[in-house]
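Here's the structure we're looking at; comments come further down.
The values are calculated or read from the model by the stated rules, or taken from the named source; none is laboratory data. All figures in this text were calculated on a predicted structure; none of them were measured in a lab. Here Cβ is always computed from backbone atoms with ideal geometry, including for glycine, and neighbour counts include all displayed protein chains. Keep in mind that these areas ignore ligands, DNA and RNA; they rest on the heavy atoms of the full protein, side chains included. Shrake-Rupley method; radii C 1.70, N 1.55, O 1.52, S 1.80 Å.
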Amino acid sequence: MMKEMKYEIVSLPARRVTGIAVRTSNEAPDCGQKIGALWQRYWKDGVREALHAGENAACYGLYTQYHRDDMSYLAVVGCESDTCPDGCVTVDIPAGQYAKFTYTGQMAGVGEMWQQIWNTRMPRAYTVDFEEYTAMDAQGSGTIHIYVALADVCQSCGMPMTKPEDYGTERDGKPSKAYCCYCRKNGAFVQDCTMEEMIEGCLTYAPEAYGDPDEARRQMRAYFPTLKRWNHG
C-alpha cells in the first residue's frame, strides 16, 4: 500500500498562467508522453520566448478542468504572462487554501510524486492544481512545490463542498460559508444531534465513503472536535 504524503495547508493569492495545453488522464497510456511533449515545446520550441517570460520567471505545470466521470483533465505548461499567443490558453488559479507538497530532486521524479499525492486523502476541490518551478539547474534538478486545491469542508459533518449546490443556506438565503446543504438550511442546523450521533449518521448514510467502519469511527472521533460545530474549546 502506497504511503500517504505529508503536506502543509497554505493560503495563496489568485494568479493567471498562460501556456500550451493538452487533455489527458492518469489512465491514458500516453499520458506521460503528452505532458512531456508540452514541456519539450515550452523549453525548446519557442513557447517560453513567445510568452515573454523573463530569465528567472517561474514556470508552471497546471492541471484543471477535471471531468469527474473519467478524471480526465487539461494539462497546461506555461508562466505568468501579459500576452496570449495563438495556440495558447489562459488559466486563472483561484485564491484559496492549498495543500503544499515539496519535492527536491530531478524533474523526472515529479510523476512518481503525483502518484503518491493521488493516494493521499484530502478534501480536494478539483479546480486548479499546479507545480511551481522556480530554480532548476542545468541538469533539471531543484526544489519543486506542488499545490493541490482544497475544498471548503462542512464544519458539522466534514463533507467537502466542491459545487455551489453543496453549500447550505443562512437566514438571509445566502450560501453558508461553513456548512453543507445536509447540515444547514435557512440559518439553522437540519439535525439536532450530538457529535456522536452525527458520526453514526455519516457511517449509516454514506457507507461507501468509508472503508473499515471501526477505523472510520476512530478517525472521525479524533477529527470532528476540530470542526467549528463541535469545537467547544
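Can you list the strands (runs of 3 or more DSSP E) found entirely within the range 1-95 that contain at least 1 residues being open to solvent by 50 Å² or more (accessible area, probe 1.4 Å), more than 16 Å from Val128 (Cβ to Cβ) and modelled with pLDDT under 95?
Details: elements: 8-12, 15-25, 59-67, 72-79, 89-93.
Per the criteria, 8-12.
Being under 21 Å from Arg124 (Cα atoms), open to solvent by 70 Å² or more (accessible area, probe 1.4 Å) and in contact with a Phe, Trp or Tyr (Cβ under 8 Å, 6 or more places away or on another chain) is the requirement here; does Pro164 meet it? Before you say what the answer is, go through the steps one by one.
Numbers: under 21 Å from Arg124 (Cα atoms): yes; open to solvent by 70 Å² or more (accessible area, probe 1.4 Å): yes; in contact with a Phe, Trp or Tyr (Cβ under 8 Å, 6 or more places away or on another chain): no.
No; evaluated as a whole, the condition is false for this residue.
For every residue, the table says whether it meets (1) part of a loop (DSSP other than H, G, I, E, B); (2) of a type in the set (Lys, Arg).
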| residue | (1), (2) |
| --- | --- |
| Tyr182 | yes, no |
| Met198 | no, no |
| Cys202 | no, no |
| Gly211 | yes, no |
| Asp214 | no, no |
| Arg218 | no, yes |
Legend entry - Every pair of residues 6+ apart whose Cβ atoms lie under 7 Å, when the first sits in the range 216-233 and is on the phi < 0 side of the Ramachandran plot while the second is part of a helix (DSSP H, G or I) and exposed (fewer than 15 other Cβ atoms within 10 Å of the Cβ): Asn231/Pro225
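To keep it simple, each residue is scored yes or no on (1) open to solvent by 50 Å² or more (accessible area, probe 1.4 Å); (2) closer than 28 Å to Ala14 by Cα; (3) in contact with a Ser or Thr (Cβ under 9 Å, 6 or more places away or on another chain).
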position: Val153; (1), (2), (3): no, yes, no
position: Gly168; (1), (2), (3): no, yes, yes
position: Lys177; (1), (2), (3): yes, yes, no
position: Met198; (1), (2), (3): no, no, yes
position: Cys202; (1), (2), (3): no, no, no
position: Thr226; (1), (2), (3): yes, yes, no
Inset, instruction - Please tell me if Val17 is out of contact with any Ser or Thr (no Cβ under 7 Å at 6 or more places or on another chain) and either touching a residue at least 60 places away in the same chain (Cβ under 8 Å) or farther than 23 Å from Glu112 by Cβ (or both). - result: yes
Legend entry - Pick from the range 111-132, criterion closer than 23 Å to Thr90 by Cβ and β-branched (Val, Ile, Thr), ranking: most open to solvent (accessible area, probe 1.4 Å): Thr127
Inset, instruction - Considering every residue within the range 139-162, establish whether at least one is more than 14 Å from the chain's Cα centre (by Cα), part of a loop (DSSP other than H, G, I, E, B), free of Cβ contacts under 8 Å to residues at least 60 places away in the same chain and closer than 30 Å to Ala58 by Cβ. - result: yes
